[in-house]
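The values are calculated or read from the model by the stated rules, or taken from the named source; none is laboratory data. In this text, all values refer to a predicted model and were calculated from it rather than measured experimentally. Cβ: placed from backbone, ideal geometry, glycine included. Neighbour counts: every protein chain shown. Ligands, DNA and RNA are stripped out before the accessible areas are found, and what is left, the full protein with its side chains, is counted by its heavy atoms. Shrake-Rupley method; radii C 1.70, N 1.55, O 1.52, S 1.80 Å.
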Amino acid sequence: MQVIPVPCLSDNYAYLVIQNGRAAVVDPSDADPVLRAIDQARIPLSEIWLTHHHWDHVGGIESLVEECPIEQIRGSTYDADHRRIPGQNEALGDGSAFDFGGSEVEVIEIPGHTLGAIAFVTEGNLFSGDTLFIAGCGRVFEGTMEMMSQSLAKLRSLPADTKIWCGHEYTVNNLRFAKTIEPDNAE
């Protein structure tokens, strides 16, 4: 499985996931960088996976549908029930799984940032949206701190060598903040 980070907007990431001749994109906030990435990879895009409904994760859906042979737009059951993701045609909940190019993709519900937040796990890769970042976690908009804590515990239970593909580049700011909280912690 190949994962290609696609920088979007000012600090978002979409991810092009390629497996056995198939391509999916995770959280396409903007279509143009994704279209350039699939053109460079020389592979048609057939699926869109959404970790949650915020505009900076779903903003490119409609343009991608116009330009690509999209078969599946996958998001959470909660977001489907509330019609929050444009064109969503598959609703996924905790423990759901689907095949992508011969690999199983598992879904974990991780509410906190939003009530419909989900993560995708496949081949040792975690697509965590805005729940887990490098050196930090997302803000709680719709859920509760208890929900976020439980969601982070679910993610913590994944194997230690799981690769984390997060929704934003916040690493430097997260580490600056951590230094103010624990100034004597060298780790």
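Averaging the Cα positions of each part gives two centres, and for segment 1-71 and segment 98-159 these lie 19 Å apart. Here the dipole of segment 1-88 is about 260 debye; that uses its Cα centre as origin and unit charges on the Cβ of Lys and Arg (positive) and Asp and Glu (negative). For segment 55-178, the solvent-accessible area with a 1.4 angstrom probe is 51 square angstrom per residue.
Per-residue ellipticity at 222 nm computed for the chain from its helices equals -7500 deg cm²/dmol, with DSSP H segments shorter than 4 residues left out and the rest contributing -39,500 (n - 2.57). Entry note, the chain: relative contact order of 16 percent, from Cα contacts under 8 Å with a spacing of 6+ residues. Taking Cα Rg over 2.2 N^0.38 Å as calculated from this structure, the corresponding entry among (i) 1.19; (ii) 1.00; (iii) 1.78 is (ii).
Pop out the carbon and sulfur fraction of the accessible area of segment 34-187 as a percent, whole number, probe 1.4 Å. Carbon and sulfur together cover 50 percent of it. Put a dot 7 Å past the Cα of D32, heading toward its Cβ, do the same for D161, and the two dots end up 4.0 nm apart.
Rounded to the nearest 20, the size of the Cβ-charge dipole of the chain about its Cα centre is 240 debye, with Lys and Arg at +1 and Asp and Glu at -1. Among V105, V140, V172, the sequence by solvent-accessible area, most first, with a 1.4 Å probe is V172, V140, V105.
Note on M147: accessible area is roughly 60 Å² with a 1.4 Å probe, heavy atoms of protein only.
With R₀ fixed at 22 Å, the C-beta to C-beta distance from A91 to E71 puts the FRET efficiency at about 0.90. Which residue, I4, G116, A97, has the largest displacement toward the positive end of the dipole of the chain when charges sit on each Cβ (Lys, Arg +1; Asp, Glu -1)? Comparing the listed Cα positions along the dipole, I4 ranks first. Taken about its Cα centre, segment 109-187 carries a charge dipole of roughly 60 debye when the Cβ of each Lys and Arg holds +1 and the Cβ of each Asp and Glu holds -1.
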